[in-house]
Each structure stands twice: as C-alpha cells, then as structure tokens.
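Scroll down for the structure; my scribbles are underneath it.
The values are calculated or read from the model by the stated rules, or taken from the named source; none is laboratory data. Only a predicted model underlies this, so the values are computations on that prediction, with no experimental measurement involved. Here Cβ is always computed from backbone atoms with ideal geometry, including for glycine, and neighbour counts include all displayed protein chains. We work out accessible area using only protein heavy atoms, side chains counted, and drop any ligands, DNA or RNA first. Shrake-Rupley method; radii C 1.70, N 1.55, O 1.52, S 1.80 Å.
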Amino acid sequence: MKNFDALFEKLVKDALQEDIGTGDHSTLCCIPPTETGTAVLKIKEDGVLAGVEAAERIFKLVEPDAVFRLFKKDGDIMRNGEIAFEVDAHVHTILQCERLVLNCMQRMSGIAGLTRQYTEKLQGYHTKVLDTRKTTPNFRLFEKWAVAIGGGVNHRFALYDMIMLKDNHVDYCGGITKAVEKAWQYVQDKAPGLLIEVETRSLGDVKELVACGKGKVFRIMLDNFTPDMIADALPMIGKDFETEASGGINLTNLLEYAKTGVDFVSVGALIHQAKSVDLSLKAMKR
C-alpha cells in the first residue's frame, strides 16, 4: 500500500490523542519525565501472534530511540507464558503507549488466529480466502494487516482502490450491462488502470455479465450462491475472469466452496467474528 506509513502515523497519533488528551495524569503525578525503564509483552493465551511490528512502530513513533528486543515475530504460533518482546524507553513513553499497543496486538492476534484456521483448511485447494470492508471504523489498516499475517489475501482496502459494482449499484444504474458500460467508460476517462469487479445474484446475471464484461471486468462475484450453483456458473465464466464466492461462508462449509474450484472466497467473519487474545505489558525489574 503506497500510503501505508501516512495512514499508520495518523491512526496512531489520533489514538494517542484520544487516550492521553490533556495529559496522562496518572504517570505525570508520580514518575519523573527523565525516568527510563523496561517492559515485557507477556503472552497469556495460545494462538497466532500479530502486531509485533505495529508495536515497535508505535513506540518508535513516540520515542525514536526506544530499543526493542524481539523474541517472536508476526505470524508465529504463541503459547501462554511466552514473551514476545522487551522494550527499553522512557517510562512515560511505555505507559502512554501501553494500552494502544495492547489493544492493537490483542485484536490483530485474534484476527490472525482465525484467519489461520481458514488458510490451513484450504491447504491443497486452489481457493484463497479474502477479507472484506466489514472492519472497525478507523482501524481497518491494522485489521487487514492481521488478515495478511494469518495467511489471508487482502481484498480492496477502500472504495478508492477498485470499482466493485454490487447489487445496489446495479439496481440504481438500471442493470448489469448498463453499469458495466458506465464503469468501463469512467475508467477510460478518469481512472486508467482501476480494476472492475461485479456482483452477480443469479446464473442469469452471470450469463449477462460474461457477455458484456469480457476485457472490461476482471472478477465476477458470486453472491449467496450455493456450491452447486457455483459449480454451474464456473463453466459459463471460463478463464476470462477471476471468480469470488461471497455470502454465508464459514469454517463449517468452507471446503464445499473450495471443492468447486472458485478462485476466492470472501469472508467478513475473519474480522468481525474474531475474538481478541489475552496479552499484557508489564514493567520489568532490573
């Protein structure tokens, strides 16, 4: 992502401002600003670790000279009782960043662990798992980052980096063919290189899209199709388009979709059903 660093810095600064406000008075009242210390990230639950790089970036954004000692990396299996990292910094920095680091890592580790369950189940199949835009407002950067750490594939990041004509776009525009023609012309005139994906709701939609979208649309979404319907749709689509199954896909029925040979399954649950993992940041006595 071209603007990753700028998005990361803005998110972190906004989150710290939300938390610190006019001052971290609990720290200001009893810790001298020159005091330095060490803290350790303790793992308290088994899972997949995510957010170590984010944590280091957060601390070093606040205090560039902070020192990190990493014992585990993003994507590693983690076990209760292990240590992920140590950080040396001013105590004010450690205490002010503590909750933001933990919130990010706990959430990211939960998402990475759930995503890993999907990717492990798909081993040996052609199908890959995609995330969606069903994310927490203003936290999408970290959530999609966690999906990638867990082995998933990031779909579009936001509305600006792909054209996706969904059911409402098609209905408001007046049909699939009309929507595709307008989108294609828009790309030629205003957004060269922008990819177009179109959602279909029936085999009739698929037939129409194949007829009007060749050379214009790169991926066909098969929304709320059963595996049997997808098996019927894929020969109609052929190799001119990528294919994506969406809607109601979970760990229970995942392999039924993978067996069809569809290129991707998009699963909003990777993010919105993930459970945060228990971690803690503790002062380390020297």
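The Rg/Rh ratio of the stretch 155-202, with Rg taken over Cα atoms and Rh as the Kirkwood radius over Cα pairs, comes to 0.96. When the chain is treated as a GNM with alpha-carbon contacts under 10 Å, the residue of Asp263, Asp167, Asp131 showing the greatest mean-square fluctuation is Asp167.
Between Ala6 and Lys282, full extension at 0.36 nm per residue minus the direct alpha carbon distance yields a gain of 96.4 nm.
Beta bridges assigned by DSSP with both partners in the chain are antiparallel in approximately 50 percent of cases. Of the heavy-atom accessible surface of the stretch 64-207 (probe 1.4 angstrom), what whole percent is carbon and sulfur? The C+S portion of the solvent-accessible surface of the stretch 64-207 is 52 percent. Farthest towards the positive end of the charge dipole of the chain, among the residues Thr132, Val147, Ile220, is the Cα of Val147, using unit charges on the Cβ of Lys, Arg, Asp and Glu. Sparse packing (at most 13 other Cβ atoms within 10 Å of the Cβ) combined with a DSSP loop state is found for the following chymotrypsin sites (Phe, Trp or Tyr not before Pro) in the stretch 127-191: Tyr160. With θ taken as phi - 60° and the Karplus curve 6.51 cos²θ - 1.76 cosθ + 1.60 applied, the whole-hertz 3J(HN,Hα) list for the stretch 37-49 is x, 10, 10, 10, 8, 9, 8, 10, 7, 5, x, 10, 7 Hz, x standing for glycine and proline. Counting only protein heavy atoms and using a 1.4 Å probe, the accessible area of Ser26 comes to about 90 Å². For Lys259, no residue 5 or more places off, or on another chain, has a built amide H under 5 Å of its own. Per residue, the solvent-accessible area of the chain (1.4 Å probe, heavy atoms of protein chains only, all protein chains present) comes to 50 Å².
Listed values [x] 63, 38, 36; [y] 70, 41, 23; [z] 49, 43, 40 include one computed from this model; for Cα extents along the principal axes in Å that value carries the label [y].
Taking Gly75, Gly268, Gly248 in turn, the Gaussian network model of the chain (Cα-Cα springs below 10 Å) assigns the largest fluctuation to Gly248.
For the pair Lys42 and Ile83, the difference between a 0.36 nm per residue extended length and the Cα-Cα distance amounts to 14.3 nm. Taking amide H atoms as placed 1.01 Å from N in the peptide plane, the amide H of Asp74 lies under 5 Å from those of Val52, Glu53, each 5 or more residues away in sequence or on another chain. With θ taken as phi - 60° and the Karplus curve 6.51 cos²θ - 1.76 cosθ + 1.60 applied, the whole-hertz 3J(HN,Hα) list for the stretch 26-32 is 4, 7, 4, 6, 9, 10, x Hz, x standing for glycine and proline.
Exceedance of the 30 Å cut-off in Cα-Cα distance is limited, within the set Lys144/Lys239; Lys72/Lys239; Lys216/Lys275; Lys128/Lys166; Lys2/Lys178; Lys121/Lys239, to Lys72/Lys239; Lys216/Lys275; Lys2/Lys178. Across the stretch 1-28, the residues whose backbone nitrogen lies under 19 Å from the label position 7 Å along the beta-carbon direction of Arg99 are 11-28. Taken as entire DSSP H runs, the helices of the chain that both span 30 Å or more between Cα atoms along their own long axis and average -0.5 or more on the Kyte-Doolittle scale are 91-121. What residue among Lys44, Lys178, Lys134 has the largest mean-square fluctuation in a Gaussian network model of the chain, using Cα springs under 10 Å? Comparing Lys44, Lys178, Lys134 in the GNM, the peak value goes to Lys178. How many angstrom lie between the Cα centre of the stretch 209-268 and the Cα centre of the stretch 1-54? With the stretch 209-268 and the stretch 1-54 each reduced to a Cα centre, they are spaced 41 Å. For the stretch 1-151, the share of DSSP beta bridges that are antiparallel, to the nearest 5, is 100%. Using a simple spin-label model with pseudo-atoms 7 Å out from Cα toward Cβ, Gln185 and Arg133 lie 2.3 nm apart.
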